[in-house]
Amino acid sequence: MNRSPEHRPTNRFRRHDIRARRILAAAFASLLVTTLASPVHAQMQQGSDLATVSLKAERSALVPGETNWIAVHFAIEPMWHLYWKNPGDSGQPPFLKWDTPDGVSVGEPLWPAPLRHVSPGDILDYTYDHELALLVPVTLDRTVGPGGSVTLTVNADFLICKDVCLFGNGSDTIALTVASEAEPSGAHPLFERTRRFIPREADEASELNIETSWSDATLRITVPGATGLVYFPERGEGLADAVDLIEHGQADGDTLRIPFDDLGEDVAVHAVLTITRAGETTHQTIRVPTPGHD
Amino acid sequence: MKLNRIAAALACTAIAVTGITMTAAAIAGPSHDKATVGHQAPDFTLTDFNGNSHTLSEYLEDEKVVVLEWFNPTCPYVVLHHDKQSTMADLSAKYGKENVVWLAVNSSNTENPGYTKCADMIEKWNVAYPVLDDSDGTVGKMYGAMTTPHMFVINADGVLVYNGAIDNDSRGNKSGNDKVNYVANALDELLAGNAVSMATTKPYGCSVKYAK
């Protein structure tokens with residue numbers, strides 16, 4: 001850098017000069033971007049700005065032979081929402097693509113229980129606002145041993161909506177050491193609060209004494225002691241589709257009566273219940289065979 | 001005279017039977033207050049964004065098959081089919097030659113960008129078929145339109161024969177035999193004089209932005 005006096009701007013003008021140049025540069029860049037970007041690209045950029053994607057590890061290292069939990073965290077702009085794995089009547093869940101080294105496997109995410117989102121026209125969706133953290137299990141095969149380092153990259157496509165909807169995309173990379181032991185990381189509080197929203201497995205519910213029974217094509221679900229219940233249906237091959245959930249998918253008290261249309265060949269009902277009981281809220285997966293499929 | 005009494009008896013029976021039939025239809029009707037596959041599609045009259053009026057039953061009187069495409073030009077899934085891909089333009093042009101009428105319906109409320117930007121986007125995308133203004137949402141709610149796009153196919157007898165997604169490719173990245181266009185298949189089956197084999201699918205897209 002040439003520091004001779006004749007090339008250095010005088011102090012009086014220096015700060016203004018730099019600021020002016022920065023303003024001009026920014027104006028030019030945004031003009032360029034606006035001119036070159038098609039409306040489709042501009043929309044995508046807007047969507048991407050509305051949710052920030054980041055990867056967080058639960059522990060300080062990845063441990064071979066154990067399930068290591070990584071969170072894909074979406075920080076969602078206030079008033080906007082993302083969708084659950086079953087989005088409901090409209091919308092789409094985020095779609096994750098991973099870049100992982102050999103020997104490292106990333107499994108299916110655990111989804112926290114969502115919220116009901118009812119829009120005019122009787123449209124019922126299942127959504128998240130403020131934040132979404134998907135918990136993803138990472139395992140290492142025998143080729144990955146302690147002492148090395150593993151880099152994971154996630155790329156997430158998402159639909160983010162308010163009164164309009166936008167596509168967005170975000171990615172993040174995390175580098176983790178591989179060790180035979182690990183400690184809770186600084187992201188531990190995120191994992192703690194997220195786990196409270198991950199529904200417990202169906203067979204982990206014995207103390208709730210959930211009762212279910214069919215009456216024609218209506219499934220009665222009773223959770224003794226509950227003061228409020230919310231029903232979130234899971235979709236899939238062979239799973240029965242409930243109807244009229246705006247009216248029947250939520251109830252004060254201890255009982256839901258979930259109507260189904262034509263059960264046909266469907267073998268089971270899979271759903272998540274959000275249960276308010278004794279002043280606490282818990283989330284529970286239920287799996288109930290349809291009549292004749294016990 | 002005997003003949004008169006027989007005629008009167010027959011007339012009374014006919015009236016009674018008609019009354020019972022009509023009552024039965026009225027009872028059957030309300031359980032399907034939204035358009036239902038296999039039943040008559042609800043009639044409607046709407047004005048398009050060029051000020052022209054369109055009535056479903058008039059198209060059906062001309063024995064046309066009618067496709068309804070729920071539309072919101074700011075929805076990324078509609079953009080997918082009108083900008084990134086030319087699904088709707090291609091299908092409407094192709095089947096237009098076979099007497100199929102293609103109508104878009106916009107049920108976005110008047111304050112939503114999906115409505116305020118509609119006229120501009122129709123021009124920008126060169127949408128060659130009518131886009132109907134359903135901003136008070138009446139027709140959308142009659143059909144149970146949930147998403148944009150949400151597709152309905154009505155046969156020439158006025159029966160709703162398809163309700164659902166445009167295709168199986170919400171991410172817009174399938175090709176070859178993996179990519180299935182449900183509306184094209186339904187139209188092909190109808191034009192061949194066959195029943196629609198895949199009559200209902202789950203539509204994908206943004207929620208319809210109905211008025212409150």
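In the context of the full set of protein chains, residues of segment A:126-252 present 50 Å² of accessible surface per residue (probe radius 1.4 Å, heavy atoms only). Taking B:83, B:133, A:261 and ordering them by how much accessible surface each has at a 1.4 Å probe, largest first, produces A:261, B:83, B:133. Within a straight-line Cα-Cα reach of under 24 Å, residue B:179 can be paired with the following lysines, leaving aside sequence neighbours fewer than 8 residues apart in one chain: A:85, A:97, B:84, B:94, B:97, B:202. Considering only A:158, A:232, A:260, the mean-square fluctuation computed in a Gaussian network model of chain A, springs between alpha carbons under 10 angstrom, is largest for A:260. Partner lysines whose Cα lies under 19 Å from the Cα of residue B:212, excluding those fewer than 8 positions away in the same chain, are identified as A:162, B:34, B:141. Across the protein chains, with a 1.4 Å probe defining accessible surface, the residues B:202, B:97 rank B:97, B:202 from largest area downward. Residue separation of residue B:116 and residue B:52 scaled by 0.36 nm, minus their Cα-Cα distance, works out to 21.2 nm of gained length. Stretching the chain fully between residue A:118 and residue A:252 yields a gain of 46.5 nm (0.36 nm per residue, less the alpha carbon separation). Working from the Cα coordinates of segment B:115-212, the gyration tensor eigenvalues give, after taking √(5λ), semi-axes of 24, 18, 14 Å in decreasing order. Once all protein chains are placed together, residue A:56 keeps about 70 Å² accessible to a 1.4 angstrom probe.
Per residue of peptide B:145-151, the mean number of Cβ atoms on other chains within 10 Å of the residue Cβ is 3. Surface calculation, 1.4 Å probe, protein heavy atoms: residue A:132 sits at approximately 0 Å² accessible. Averaged over A:116-122, how many beta carbons belonging to a partner chain fall within 10 Å of each residue's beta carbon? Whole-number average of other-chain Cβ neighbours for A:116-122 is 5. The calculated 222 nm mean residue ellipticity attributable to helices in the protein assembly as shown amounts to -7500 deg cm²/dmol, summing -39500 (n - 2.57) over DSSP H runs of n ≥ 4 and dividing by all residues. For segment A:138-187, the pair-distance distribution built from all alpha carbon pairs, in bins 10 Å wide starting at 0, is 18, 36, 23, 17, 7 percent.
To the nearest 10, the accessible area of residue B:204 is 20 Å² with a 1.4 Å probe.
Per the Debye calculation on chain A with a single equal scatterer at every Cα and no solvent contribution, log₁₀ I(q)/I(0) for q = 0.10, 0.14, 0.16 Å⁻¹ amounts to -0.71, -1.12, -1.26. A convex hull fitted to the Cα coordinates of the protein assembly as shown yields 263 cubic angstrom per residue. Report, to the nearest whole %, how much of the accessible area of the protein assembly as shown belongs to carbon and sulfur atoms, 1.4 Å probe, protein only. Here carbon and sulfur together make up 52 percent of the probe-accessible area.
The values are calculated or read from the model by the stated rules, or taken from the named source; none is laboratory data. Owing to the predicted nature of the structure, the values given are computational and were not obtained by experimental measurement. Note: ideal-geometry Cβ built from the backbone for every residue, glycine included; neighbour counts use all protein chains shown. Keep in mind that these areas ignore ligands, DNA and RNA; they rest on the heavy atoms of the full protein, side chains included. Shrake-Rupley method; radii C 1.70, N 1.55, O 1.52, S 1.80 Å.
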